[in-house]
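Here's the structure we're looking at; comments come further down.
The values are calculated or read from the model by the stated rules, or taken from the named source; none is laboratory data. None of these values were measured; they are calculated from a predicted model. Cβ placement follows ideal geometry from the backbone for every residue including glycine, while neighbour counts extend to all protein chains displayed.
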Amino acid sequence: MSAMVDDDLWSAVGDPTRRRMIDLLLGEGGGTATSLSEHLPVTRQAVAKHLAVLDRVGLVHASTRGRERHYRVDEDQLARAVAQFTEVGNAWDARMQRIKRIAERIQRGRDGLDGKGGKSDTDSRRADTGGRLEEPEQQDRQEQ
Amino acid sequence: MTDMKSSKAPGEELGTIERELHIDADPEVVFDVVSSPEHLTEWWPDEARYSSVPGEAGRIGFRKDDGEGITWEQFTVVDAAPPRHFSFRWTHLEGEKAAPGNSFLVRFDLEPAGTGTRLRMTESGFRERGWDEAKIAAEYHAHVDGWGHFLPRLVSYGAKVGSSR
């Protein structure tokens, strides 16, 4: 798919009202502009416009049931959107953990040189796994 | 100097990734790690050639997966105010001046916290640029961990984006 689609997808999910609508649709197994507007501080017309945006990027699909269009979330497309958020987020999680390890290693080195009693960092020089999210809540903070 | 910093409040743009972390190191140390080319290559690109002078053209390089050659991305420091703030733009086209709409903006804000530093990072510009670049960027150093568990993530992600406004 093109960058355009991806950008639209981002914009579609980036709006708080539309995210709330997706939550509602998931929770209720679907809904109409009328049913959604009952749970939201916006008019039915506004909800209908938001639904059109979500429909255009394939995050919801409509079927006609009775007098109103009934919408359901396309979970595959939603998964795709979320995966895109997650990818960039994961990359930064990994980078932030590396920044933390590097800075703390330098700090320990400095404290050691200054004679402030920094501990040896042989055990805390963990291998950089390249992006595990967990950082054990600092077993090596006894230097303060 | 720069007006980019104040052109948008952090989080105002919806396409923003935001991360915050406590580091047991002085702000001066953390600032050096997030801003100097020598340290940048320890936590992100394989090559980093840029000056800390705002607006000056620079670039960062990523070794290609097949090991043959380097993919370069443009990189320009937007603001450097040690030890509190460092921001840069990247992925604009070579020869273009980095600006909103043609690049991603990364901001680091540092605050002393206890014996260490609270480091806050935001990256924005996705909404203007589309996601292909973001995905490519992400793939340099992170693997995608599958599509499972996406609903809770959307909720927590949404809460984060929403609350940052």
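Answer yes if at least one residue in the stretch B:16-39 is assigned to a strand (DSSP E or B) and more than 13 Å from chain A (Cβ to nearest Cβ), and no otherwise. Among the residues of the stretch B:16-39, not one is assigned to a strand (DSSP E or B) and more than 13 Å from chain A (Cβ to nearest Cβ), which makes the answer no. Only a single item in (1) over 30 Å from B:H22 (Cβ atoms); (2) touching a strand residue (DSSP E or B) at 6+ places or on another chain (Cβ under 8 Å) is not met by A:M96, and it is number (1). Among the residues of the stretch B:40-59, the one identified as in a helix (DSSP H, G or I), more than 7 Å from every other protein chain (Cβ to nearest Cβ) and crowded, with 16+ Cβ neighbours inside 10 Å is B:L40.
Is it the case that some residue within the stretch B:73-82 is over 24 Å from B:D32 (Cα atoms) and in a loop (DSSP other than H, G, I, E, B)? No: the stretch B:73-82 contains no residue that is over 24 Å from B:D32 (Cα atoms) and in a loop (DSSP other than H, G, I, E, B). Counting only helices (runs of 4 or more DSSP H) that fall entirely inside the stretch A:18-113 and contain at least 1 residues that are closer than 30 Å to B:V33 by Cα and at pLDDT below 90, the qualifying elements are A:75-113. Total residues in the stretch B:83-93 satisfying the condition of being modelled with pLDDT under 95 and more than 13 Å from the chain's Cα centre (by Cα): the figure is 2.
Rundown of residues vs (1) of a type outside the set (A, V, I, L, M, F, W, C); (2) out of contact with any Ser or Thr (no Cβ under 7 Å at 6 or more places or on another chain), yes/no style:
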position: B:D66; (1), (2): yes, yes
position: B:G69; (1), (2): yes, yes
position: B:F86; (1), (2): no, no
position: B:L93; (1), (2): no, yes
position: B:D109; (1), (2): yes, yes
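Residues in the stretch A:27-39 that are touching a helix residue (DSSP H, G or I) at 6+ places or on another chain (Cβ under 8 Å) and surrounded by fewer than 17 Cβ atoms within 10 Å (Cβ to Cβ) were compared, and the one that is farthest from the other protein chains (Cβ to nearest Cβ) is A:T34.
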